[in-house]
Structure formats: structure tokens, C-alpha cells
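Colleague: One structure, pasted below without further comment.
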Amino acid sequence: MLFLLVGLCGTKLGCGEGGCGACTVMISKYDNLQKKIIHYSANACLFPICALHHVAVTTVEGIGNTKTRLHPAQERIAKSHGSQCGFCTPGIVMSMYALLRSTAEPNMEEIEGAFQGNLCRCTGYRPILEGYRTFAKVSGLRWQCRFLEDNQGCCGKRVNGPSCCMNEKEVNVTISSSLFNPAEFQPLDPTQEPIFPPELLTQNSKPHKQLCFKGERVMWIQPTTLQELVALKAQHPNAKLVVGNTEVGIEMRLKNMLYPVILAPAWIPEMNFVQHTDKGIAFGASCTLSLVEKVLSKAVAELSPYKTEVFKAVLEQLRWFAGLQIRNVASLGGNIMTASPISDLNPVFMASETQLTLASTEGKRIATMDEKFFTGYRKTMLKPEEILLSVEIPYSRKGEYFSAFKQASRREDDIAIVTCGMRVLFQEDSHRVQKIKLSYGGMAPTTVLAVKTCQKLIGRDWNERLMQEACHLLADEMNLSPSAPGGMVDFRRILTLSFFFKFYLTVLQKLSQQLNGNNNLSEMLPSSYLSATELFHKDPIANVQLFQEVPPGQAVEDTVGRPLMHLSAAKQACGEAVYCDDIPHYENELYCTLVTSTKAHAKIISVDTTEAQSVPGFVCFISAKDIPGSNVTGIANDETVFADDTVTCVGHIIGGVLADTQEHSRRAAKAVKIKYEDLTPIVTIEEAIEKKSFFKLIRKINKGNVQKGFEESDHILEGEMYIGGQDHFYLETHCTVAVPKGEDGEMELFVSTQNLTKTQEFVANVLGVPSNRILIRVKRMGGGFGGKETRNTILSTVVAVAAFKTGFPVRCMLDRDEDMLISGGRHPFLGQYKVGFMNNGKVNSLEVSYYSNGGNSVDLSYGVMERALFHLDNSYNIPNVSSLGIVCKTNLSSNTAFRGFGGPQGMMIAECWMHDIAMKCGLPAEQVRKLNLYNEGDLTHFNQKLEGFTVQRCWEECLESSNYHARRQLIDEFNRQNRWKKRGMAIIPTKFGISFTVPFLNQAGALLHVYTDGSVLLTHGGTEMGQGLHTKMIQVASKTLGIPTSKIYISETSTNTVPNTSPTAASVSSDINGMAVYNACQTILKRLEPFKQSNPKGSWEDWVKISSFLLLRIPDLGYDFDKNEGKPFCYFTYGVACSEVEIDCLTGDHKNLRTDIVMDVGTSLNPAIDIGQTEGAFVQGIGLFTLEELRYSPEGNLYTRGPGMYKIPAFGDIPSEFHVSLLRNCPNSKAIYSSKAVGEPPLFLSASVFYAIKDAIFSARRESGLTEPFRLDSPATPERIRNACVDIFTKLVQYLRHFQLCSVLWSSSATPSHQPTRGPV
């Protein structure tokens, strides 16, 4: 709306549900309660325009720009290299800006808290925090002190001295840790900020009048008095009350719900107050959660501790409640009345018996939040005409204790899996229970109270016997059906017991202290149990980034090797960078919304557009019959632009609706009615194996004599591992704007794509015209990661058909849920292995089979499987190998390229059997890994010789810089002293082959225009998606031509400048495009030589009036699978990472404590970009291996659509200590200026986090007497971690499940229904 109404496109739409923060703006208003002007961040995608009356909105354009002056919040994120693709940058800038407007000198905890509602998929977050650390009160002091105290690892010369490792000189090498200079930052001057509009202050002093806004389908009424509000509610009993719109907005946008009447009580004084009473603190129901947090924090600081037990529990839940943007607008009353069964706060209110004041035209009444308050799913005891007026949170009493717990997939900004509030009151001066309330969310359709358990615990002493009985009672009362919505049944049941155990220990600890030792309670609490009572805490991030400085004497204008800022960073930070959907709207432009299948496998019986045609603004419906060319498309020609007779996945495109606006188009698309005849879907890899549903091409790589190797081995171990898929979650979803030119079939398309050539080819094919009539243009992308290499074409072809049919420009940008549904992601893999090895852990023989879930079409699945097979060895020398790769055909959206392209899956399974070998041999894992590493000159299993093999160097440097062996001892000691918290550590290498494995793709072109004023326009075949490719290419051209980077400009990538380009993928773009740019520059220089000779004293501007085009192809690449010979890769990029984690054995939570990475990127073209790519890939890998889980129904319907259900890493998920070092003195002769590819290789290093978790789990299992290898599938979610930490609670739940199953079978009832969700697909 900001774009359409006022032309401001800096505020981005990333999800439409307040989950990514890309749309963050600052809201300013005069607050009548606090009697001052307040500033706070909010999500523009959810904030209703109707609610902006008397409010000022500041967007990223309003605080600074590149034409005049950047605001310090913009400047610092740009110069600290915190902006890569830039799509998330404006939102992050505005979160920081809003914090600075409300808190002039924030501390680091407040800064990190401000970003809880922001996501970034590119940077790995570290540079953002590093840049904004400079705003903190004590910038870096605490960070330095930690290194002084711990004396562990490198400090990056922050704590300098004669023994500093950075003062040790390597031959001809200077080491630096300074990617930017904070001294260059302009100071923050609060007096220069825009003032609050005086006219709004003037209006605020005047009496409010009732407002009413009427739209096509919704009426918004904003009353000014309580009498008006209750009268309206009586008149419209089904009307929704909306304050922050954080729930209703999502329901209307994503769940297709319609509320014809909305009442906004933001101006009602009786609903906007805070009052301290004798019983507690009363809040008006419209008070925001941020205000509640502020008031309760003050109360906790000022009141006696015994009175604030409930307050502290509420604050603990609010600490992890959504993001700050949501808490700033969401109301306390709205949270209660939403009646979510997984509410964070409602269990606390129920356990504390919070008092509610209700109002209607009949008057007021008081209600208690107890077990009767919620009457059903999303229902309460309130009458339709009643409203919630206020909420009174009670003080706690002496002898009363309260705790609240929440477990989610991700710690920050995530919905709960299970949440609870627990309260116990003891008889005076005793540990005998007088009253107890245990309330849970996530265990039923409503928030529930464990009534039976509570009744049986009254009058009991607080001891181990009570704890044991309580667990048995809770396990029985908090039961779940195997088919319970949400799945994770065992995990949820275990959590109810784990939470109570934590509560039991917490209360026991407090009791032993407060009864003044007149008891033996302290003896009942072993010291090893104390850490189980600690609340989740994460230290502020500390980091070191080391790289090799350019040699002395390198010309200042030669920027190669220097940490040059991303050349678009400033524009991105100001909201000036143009993305596909930012292109101004054309006259008569139409909007297209896709109509997709709701069935995974079915025949289409009929498509009815009658109802859609009645929607205002409807233009037409397009389908297969409207295609002028061919409906056949796809990399293997096994797809269709539109489904014609049969759909083969949920999300299969059937048609599209064109209308005059996006809103009308969406409404009309939802009104299209489709009838199906169901066919049986295949969803999982296991189902595909059972039904032999495979794509035809099966790959094998064999070397040596596997059987002989097994015979000569001391041990043979068999196992399997499942690796889940991953959504790309680029912040900018797929987008295309198609503009028909009106003659000869010409069409111009602006597309967010990594692959211009295939987009051009597929559009030409569907329109039935030659490729020379189709122009594809790409300015930049808001992230890609492989997801826009081929799958953008499923949208671009549809939009092209729409533009052809109507003759008008057509635009379509997918909503986040659409994008996740239809565009596919990383291939899930199932690896089955048999490995033979000696007593010392040396591997002799490996037999391995890989199965991937390809989805409903081939796409790039064969290439992904081939790379997985090429990387099945990771960095280990295996004498005898037999491998098989099969792609499963299923009824899911086709999976596709993703950063790593099968390599991470192949290496992950290698590390799985390597870890099992170490456990079986009883040897340290790092010892076994090192023993099996390749050496220089070894042949891989595909017979390519390893040259310049630096893994051994990386390994030794990583061991040293991480202080591995000393920390290993500390971890072992920690694990001996703590039963319910365990730490683990792992060091993992990587060897990643660089090249397209399809040889002809290893080529690139570059076009150089040199204008008469000396300026240079550079075009090459690569696209910019945040990886800094354009920046590096300008650095290459600058060095080669010997001119400043300021004279060189890259406008865009297009098919009419550099034709037949390879996709920007496989990490080779800097290599191939860099060499093409270099060669084009050399051609220019040769042509200029006569002019230089005739005018040797002339300037660059005197010599130039010329252009050059150069095509480059890398020779001698190719591999024959049948003969197992050839050279599939030009070279390899190497690295090693060491990670340490801490897990909570009771909940499955984990913290990433520290990671040290040593990465060989050759001679870096740009250390800032290469370190940024390393960190970004690593954090994306943390998501792959520990967080991101795609869940499907048995019918193939994707549940995890959007950030509400699908969790990528957030700011708080990165290691607290994050150290990255680029290996020195390792030039690569096979790429431009001795550099190496860096985009994909570091991703797999995040497996070190996974295997550190597995190491920690092993310590927990050992406490239960389990020491054998165990299976842990990826991702290592809290569910998998908790279930693997076998203990009395998991055994109790498993026993009860087995008992219930036996009871069902004994009573000859029907077999249990299937789980409602599918993980392994």
C-alpha cells in the first residue's frame, strides 16, 4: 500500500504475517496513558490503515538517503557488511531506528531484543550485530573481558599485547581482523531526528469522534466511549475486536476468513489503563504486551520478591513471545480472547487464577480464568455481546511459587509446541502442598488444567515421592491420541513431565533457601540437578574474523583483496535498491493470481469460474487452452505450464486469474471451484521405495573391491540416516512482470531469476516464438540460493501467457505461502550404508545407497544426486566404494537446486557413519576423522587427483584456534557435574568440488562498454542476489583496467547484452564471469595500446572509445560414470569447523555456544564478502541440520507454509562466539586472481553443530547406561534431541504408549489412526 499510494517501495513484503520483519516501520503517537510521545516498531503488513488516525508512520526512506545523508542506522549496517541481498535490510534498519528513538543508549541485550522479529537469510546475522554494537553503551568491553577471562582462542587483536597471536608474522603475510573502521561512522545525534508532527499533537487535544470506514466487504468502526463500544457489540455480536490486528489480519489474509464488522477499541479509556490494586496489577484489555512487559518489569524491580512470582512467569513467557513488532501492537485482551490452544500466556493466567472484567450493555461482571473459561477450540465462556474490559494479574503470596515454561522449534519468535503455567502454595512454614495448579497449552483443543493430578497432590509433602506420583498422574491425564493434530505426540507428553520436573526442582531449591535450613530439602536436590532450574540465557555475540591483508605496496585504487563494501549496500539500507516488484506499475497493468491444486494426485473433473467472474475487477481466467505455443515445459520436458487433465502435487498450477488489482485477483482466484477425482499419492521416500516409484536414471560410482574390503575389516557396521528437506526462504518470493511490446511477438519480462537463458527459452516455447523475441531483465534478487535457478519459470511462463492473451502488462509476486507450496526446495535424502573398518577406526570399505525425494518432475534432481555421489567421501580416503543413487518420484512439488546441490546430503551421511565408527571403537571422533583424511595427491573415489589439498592445514589451524583439546576437557568436566544439561563438541572438514557437473555450463560472457567520458558500463552473465558478484566483478575490472571502481558501473543482467548465459549457481559465478570480465578488459587494453603509444602522457579518458565482448569456457571438464574416469571438478574448496553446543536434556533445547571456522578461499577477492558468504552459508546450514522441518499430511499437503510454522535461524540462533579465519598463503592457480569459490562450500560445516549435539546426547544417554551408536536424523529438532535423551520420563511415556496400544488391540478395536503429519519425505 505504501508503494501504491505514495510511491515508497523501501518497505518490503516478505511474508504477510508479521513473521519476517521485512516490512518493519516506525509508528509514533502521543500516548494518553504514558502522557508522552512514543515511538515503536511495527509490521506494516498487519497494521490496518484504518488504525493510523492520529498516528505518524516513518519508513526507511524518511530517515536518510544516498542523495543527501545516510542515517547512522543505515550507514553502519552498510559499512559493516550487514547487507547482502538487501531485501531484509530496510526492516532491520527500522527496527534499530525505532529502538534508538525510544532508547538513546541501548545496551547489547536491548539491541538483540529489537531484532527478535526480523529475519535475514543471507548474512548469518553476525555483521549486523557487529555494526550495531557500536550504538551500545559499552561497545565491546564485555566482549573483550570474556576473552581475558577465558583465555581461549584468538581475540582479533582487541586485547593486544606482546604475546598476541596476530603479532606473529608469517612470511610475506599480514593478518587483519578489521573488516570496517568504526571511527569512520558518523555519530548519532538525537537532536537531528524528525519531530513528531505538531498537527497530530493539536488533534490529540481535541475530543475524539467515532470513526467508520467502509470497504467493499468490511466495515471498520472505531468508537470513543465504552457505551458506544458495548452498544455496537450488542448490535454486531459476531464483530471482531481488533487492537493490533496480529491475529485477525493473518486469518483474513491467509485463512480466507471474512469479518464484515470490525470494532477497534484503541481509544476507550476503560480499556487502556494500568492500576495497582490490593490483589495485583490491573491492565485494560487494549494495553499492548510491550506495555505489560514494561509495567511488570518495574514491579519486579520494586516489590518484594515473594509478591512477584506470577509477574516473573509472565515476563519469562513474554521474553519469547513473537517479535518486538508484534508485542508493540498486540493487546493483552486479544491474546486471551484469541483462545489459542498453544497460547504462551493463557496457561499462566489459568494457573494464577487471573481475574477478568467483562462488560456488555447489561453491565459488568467478574470472571476467573479457570478450567471452565475455555469452552472449546478458540471459544470462551463470554457471551456474544460481551467484551473483555480488563485483566488483573494477581500478586503471589508468601509460600507460593510460580513457574512458566515454553518449548518451541526455535527459541525466538516461535509458536509453542507445549507451554505451561505452574503454581503451588504451601502450608505456612512447611513443604506440604496447600494448593496447586498445573495448566498446559498444546495438549488439547484448549488450554487445560490438570485437575485430577492437582487434586491428588494436595496435602502431600514436596519430595521425590510426590514428583514420581505427579509424573505418573500427568502422563495419564495429559494423554494424546496418536492422531492428535500437530503430531509429535510422544514429545509433547514427555514435555509435560519434563516441565513439572523442572518446576519441582525450582520449588525445591527455593523452599530449601526460604525455610532457613529447618528441613532436609537441600539433600533432596543433587548439585548436578541445579542447572535444570536455570532459565534460558545466551551471552551477547562475540566474534573474530581474520583474513590476509593485501601485500605492501598494492596500489590504493586496486581493490582486489580488500574488504570493499557491497556496492549496493547503501542503496539497500535506504530502501532505494530496486527489486522486481518495485518496478513502477504500467498503465492498464493487470495482476495475476495462480489457481493451484489442493490435491496431491487427482484427475481434474471440472473448473468453474462462475463465482470468480462476479468479483469486482475480474478480467479473465487463463489455463492450458490459452497457450499459443507448447504446454510442455521443464528441464526434462516432463512438466506442463498448466495442469490439463491430472494434477500431481498440491500446488500444481491449474490456471490463473487476472484482475485490475492484487486484492481483486486474490479474491477471484479463491472463488474458482475445482472438482477432482482422487488418485493415491506417493509422499515419502519410503512409500516410493515400496512402490518402486523412481525416475529412470540411476547413478553408480564404484571403486576397488568392496567385498574384499569387508572381509579384511575388523568390524562391519550398518545403518541409515534421513536428512529432511529445506525451503529456500529467500526474503523476496518469486516475481515476474511481463510487458508485451505489440509487434512480432516481442515481450519484455522483469524476473527474479538466477537463470535468464532457461527463462527466455521456456517463455519463448510457451508463446511459440523464437528466443530472440523474448527479453529477460534482472536488476537484482532478494536472495536465491538455487531456488530461482529453474523454478521461477513455473511463474514466468504463466505470466507471459497472461500478458499474451490480454495484450496488457501483467504482474505477479507470489505470497510466501504460495511460494513455499509450489516452488519446491532442497531434496530430502535417505542414506543406507554398510562400512568396514579396523580397530583403530581406519575405513576399508563402504557400500552406500542414496535415495532422494525428487518430487513430481525431474528438474535438476539428477544433477543433485550426481553431486551427492561425488561427495559421499567428504574429505576421507576410502579404498573401496560401491555407491548407488536413486531419485524417487513422488507427489510433492518438484524439488530443485539449493545451496550445496546435493553435496551436503552426501557428506552428511559420510559423517554419520564416521561418527558411528568412533563410537563403536570407543575412540575420540576427531582422532578417527583425522586418521581417514585424504593427503595431497590422493585419488578420490571418482579418480580425480587432489591438488592443493589444504584440509590438513585447515584442520590443524582449527584445532589450535579453537583450543580444542583444552575445551574438550572442560566439556567432559561440565558433563560430569550436570545431569540435565550436557555439552558436546565436534570438528568437521569439508571438500567441495567447484564446477557445473554438466561441462557446457562452465562458460560465461562479459560485455564492456567504454564511453568517451572514461566511464565503463560492465555487463556479464551472472546475476546479483546478495552474494556480492557485481561488486567482485567491478573489482576485477578495476584492477585489470587500472582505473578506480567509481568509473565502473553494472546496471543489470539481460539476455540482449550477454546471450546464452549459464545460471548463476554452483558457486562458480565469480570464477567464470571473473575470467570473462578479465579477458574482455584485456581485449580493451590491447585495442588501446596504439592510442597509449601515440599519447603516452594522456589519461584514461583520452584513450577510450571502445567496446568488447568476450566468451570464456573452462576446458577439460567432464566425467564418465560408466568408466569412472574424467575430471568433474575444476578444483576443490576446503574448510574445517569446530562447534560447541549445550543441550537441555529435559526439553530438547540447544544453544550454539561457539564455532570456529577455517576456510580456504584461495586469495580472497574481497574478504568482507567471502567471510559474509561463509557465515551466511554456515547459519543457513544450522537451519538445515537443526531447525528447519517441512511437515506434510499423509495426503501430501504442506503444513509448514510461512514463518509462522517454518522456522529459519534467527538472530539468537547463531553461535555466541563466532570466529571465522580465511586460510593464508593458499593461492589457487585455477581461478581469477588466485581466488576460490565460496558460496556453497561452507554450508556443510554447520554439520559440526549437528554432531556436537549428537555428542552431547551421547553424554546424556550414557547416564542411562546406553553407550552404543544411535540414530539421529536431521534436522536435530528439539523433538529429536529430547526423544534421544533416554531417561525415566521418556521410558514412562513409551511404556504408557505401549500399554495403551496393547489395550486397544486387546479390546479388538480398530488399529490406531495414522499420524496427522509427515516429517520424512
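The values are calculated or read from the model by the stated rules, or taken from the named source; none is laboratory data. All values derive from a computational prediction rather than experimental measurement. Ideal geometry is used to build each Cβ from the backbone, glycine not excepted, and the neighbour counts take in all protein chains shown. The area values use the complete protein model at the heavy-atom level, side chains included, leaving out ligands, DNA and RNA. Shrake-Rupley method; radii C 1.70, N 1.55, O 1.52, S 1.80 Å.
Colleague: Enumerate the calculated ³J(HN,Hα) couplings along segment 1048-1065 in order (Karplus 6.51 cos²θ - 1.76 cosθ + 1.60, θ = phi - 60°), each rounded to whole Hz, writing x wherever the residue is Gly or Pro.
Modeller: Going residue by residue, I get 10, 9, 10, 8, 6, 10, 8, 6, 8, 10, 10, x, 6, 6, 7, x, 7, 6 Hz, with x marking Gly and Pro.
Colleague: So, by mean Cβ neighbours within 10 angstrom, what's the order for 1210-1221, 1019-1030, 598-609, 251-262 with the highest one leading?
Modeller: 1019-1030, 1210-1221, 598-609, 251-262
Colleague: Can you show me the helix-derived [θ] at 222 nm for the chain, built from DSSP H runs with n ≥ 4 at -39,500 (n - 2.57) apiece and divided by the number of residues, rounded to the nearest 500.
Modeller: Numbers: 37 runs with 394 residues, N = 1321.
Rounded to the nearest 500, the figure is -9000 deg cm²/dmol.
Colleague: Using packing as a proxy for protection, rank 588-597, 284-293, 389-398 so that the peptide with the highest average count of other Cβ atoms within 10 Å comes first. Please report the intermediate quantities before stating the final value.
Modeller: On the way: 588-597: 21.9, 284-293: 23.5, 389-398: 20.1.
Sorting 588-597, 284-293, 389-398 by mean packing, highest first, produces 284-293, 588-597, 389-398.
Colleague: Which residue, Phe500, Phe536, Ser481, has the largest displacement toward the positive end of the dipole of segment 469-584 when charges sit on each Cβ (Lys, Arg +1; Asp, Glu -1)?
Modeller: Phe500
Colleague: Below 8 Å between Cα atoms, with a sequence gap of 6+, how large is the relative contact order for segment 1180-1233 in percent?
Modeller: Values: 28 pairs, mean separation 15.4, N = 54.
About 29 percent, as a whole number.
Colleague: Still on this model: Which value, in debye to the nearest 20, describes the size of the charge dipole of segment 871-930 about its Cα centre when Lys and Arg Cβ atoms bear +1, Asp and Glu Cβ atoms bear -1, and nothing else is charged? Intermediate results must be reported in sequence, preceding the final value.
Modeller: Working: 5 positive and 4 negative charges, 21 e Å.
So the dipole magnitude of segment 871-930 works out to roughly 100 debye.
Colleague: Please identify the DSSP H helices in the chain that span no less than 24 Å along the helix axis (Cα) and have a mean Kyte-Doolittle hydropathy of 0.0 or more. List each step's numbers first, then the result.
Modeller: On the way: long enough: 489-514 (38 Å, 0.42); 903-921 (27 Å, 0.23); 1069-1094 (37 Å, -0.31); 1247-1263 (25 Å, 0.19); 1288-1306 (26 Å, 0.73).
What comes out of the filter, once short or polar helices are dropped, is 489-514, 903-921, 1247-1263, 1288-1306.
Colleague: What's the extension gain from Val632 to Lys708 if we count 0.36 nm per residue and subtract their Cα-Cα distance?
Modeller: Working: separation 76, 0.36 × 76 = 27.36 nm, distance 4.86 nm.
Extra length available between Val632 and Lys708 comes to 22.5 nm.
Colleague: Compute, for the chain, the length of the dipole vector about the Cα centre, with Cβ point charges of +1 (Lys, Arg) and -1 (Asp, Glu) only. Units Debye, rounded to 20. Working shown, then result.
Modeller: Numbers: 132 positive and 135 negative charges, 240 e Å.
So the magnitude is around 1160 debye.
Colleague: Of the DSSP beta bridges with both residues in the chain, give the percent that are antiparallel, rounding to the nearest 5. It would help to have the intermediate numbers written out before the result.
Modeller: On the way: 161 of 196 bridges.
So the antiparallel bridges in the chain amount to around 80 percent.
Colleague: Separate question: State the answer as a single residue: which of Tyr934, Gly459, Trp913 lies farthest towards the positive end of the charge dipole of the chain, with beta carbon charges of +1 for Lys and Arg and -1 for Asp and Glu, about the Cα centre.
Modeller: Looking along the dipole axis, the top candidate is Gly459.
Colleague: Remind me, relative contact order of the chain in percent, using alpha carbon pairs under 8 angstrom and six or more residues apart? Please list the in-between numbers first.
Modeller: Details: 3087 pairs, mean separation 159.2, N = 1321.
With pairs under 8 Å counted, the relative contact order is 12 percent.
Colleague: Applying a 10 Å radius around every beta-carbon, put 471-478, 1143-1150 in order of their mean neighbour count, most first. All intermediate terms of the calculation are to be shown ahead of the outcome.
Modeller: Working: 471-478: 19.0, 1143-1150: 25.2.
Averaged packing, sorted descending, gives the order 1143-1150, 471-478.
Colleague: Now for a separate question. Name the residues of segment 1257-1279 whose amide N is less than 18 Å from a point 7 angstrom out from the Cα of Ser528 along the C-beta direction?
Modeller: Residues 1257-1268 fall inside that zone.
Colleague: Can you find, among Phe750, Asn1073, Met865, the residue farthest towards the positive end of the dipole of the chain? Put +1 on the C-beta of Lys and Arg, -1 on that of Asp and Glu.
Modeller: Projecting each Cα onto the dipole axis, the largest value belongs to Phe750.
Colleague: Given axes a ≥ b ≥ c from the Cα gyration tensor, I'd like to know whether segment 588-644 is rounded (a/c under 1.5), prolate (a/b larger than b/c) or oblate. Before the final figure, lay out the partial values.
Modeller: Numbers: a/c = 2.34, a/b = 1.43, b/c = 1.64.
Taking the square roots of the gyration eigenvalues as a ≥ b ≥ c, segment 588-644 is oblate.
Colleague: Additional query: What do you get when you divide the Cα radius of gyration of segment 413-565 by 2.2 N^0.38 Å, with N the number of residues?
Modeller: On the way: Rg = 25.1 Å, N = 153, 2.2 N^0.38 = 14.9 Å.
Ratio of Rg to 2.2 N^0.38 Å for segment 413-565: 1.69.
Colleague: What number, in percent, do you get for the relative contact order of segment 372-486 if the mean sequence gap of Cα pairs under 8 Å and at least 6 apart is divided by its residue count? Let's see the in-between values first.
Modeller: Details: 152 pairs, mean separation 20.3, N = 115.
Reported as a whole number, the value is 18 percent.
Colleague: For the chain, which whole-number percentage of the solvent-accessible area (1.4 Å probe, protein heavy atoms only) is attributable to carbon and sulfur atoms?
Modeller: On the way: 24480 of 47890 Å².
For the chain, the apolar C and S fraction of the accessible surface comes to 51 percent.
Colleague: Now, a different point. For Lys673 and Glu251, what is the calculated FRET efficiency with R₀ set at 22 Å and r taken between the beta-carbons, to the nearest 0.05?
Modeller: On the way: r = 22 Å, r/R0 = 1.00.
The pair Lys673/Glu251 has a calculated efficiency of 0.50.
Colleague: Would you mind getting the accessible area per residue of the chain, heavy atoms of the protein chains only, 1.4 Å probe, in Å²?
Modeller: Details: 47890 Å² over 1321 residues.
That works out to 36 Å² per residue.
Colleague: Could you point to the label whose value was computed as Rg/Rh (Cα atoms, Kirkwood Rh) for the structure here, given (i) 1.02; (ii) 1.08; (iii) 0.95?
Modeller: Given (i) 1.02; (ii) 1.08; (iii) 0.95, the structure-derived one carries the label (iii).
Colleague: Between Ser304 and Lys383, what is the label-to-label distance in nm when each label sits 7 Å out along the Cα-to-Cβ direction?
Modeller: Here the answer is 4.1 nm between the modelled labels.
Colleague: Can you tell me the FRET efficiency between Glu110 and Glu392 if r is taken as the Cβ-Cβ distance and R0 is 41 Å, rounded to the nearest 0.05?
Modeller: Values: r = 29 Å, r/R0 = 0.70.
It comes to 0.90.
Colleague: What is the list of residues in segment 493-536 whose amide nitrogen lies under 17 Å from a point 7 angstrom out from the Cα of Ser1264, following Cα to Cβ?
Modeller: 493-502
Colleague: Taking a 27 Å limit on the Cα-Cα distance, which of the listed pairs Lys703/Lys788; Lys437/Lys502; Lys991/Lys1032; Lys312/Lys538; Lys437/Lys982 fall beyond it? All intermediate terms of the calculation are to be shown ahead of the outcome.
Modeller: Working: Lys703/Lys788 36 Å; Lys437/Lys502 15 Å; Lys991/Lys1032 24 Å; Lys312/Lys538 18 Å; Lys437/Lys982 30 Å.
As for pairs spanning more than 27 Å Cα to Cα, those are Lys703/Lys788; Lys437/Lys982.
Colleague: Which value, in debye to the nearest 20, describes the size of the charge dipole of segment 935-1016 about its Cα centre when Lys and Arg Cβ atoms bear +1, Asp and Glu Cβ atoms bear -1, and nothing else is charged? Spell out each step's value before the answer.
Modeller: Values: 10 positive and 9 negative charges, 160 e Å.
Taking the Cα centre of segment 935-1016 as origin, the dipole is about 780 debye.
Colleague: Can you figure out the FRET efficiency of Ser614 with Asn204, using R₀ = 60 Å and their beta-carbon distance, to the nearest 0.05? Write out the running numbers ahead of the final one.
Modeller: Details: r = 43 Å, r/R0 = 0.72.
Calculated value: 0.90.
Colleague: Once you have a ≥ b ≥ c as the square roots of the Cα gyration tensor eigenvalues for segment 1071-1179, tell me rounded if a/c is under 1.5, and otherwise prolate or oblate according to whether a/b is larger than b/c.
Modeller: Numbers: a/c = 4.53, a/b = 1.92, b/c = 2.36.
Because a/c hits 1.5 or more and a/b fails to exceed b/c, segment 1071-1179 counts as oblate.
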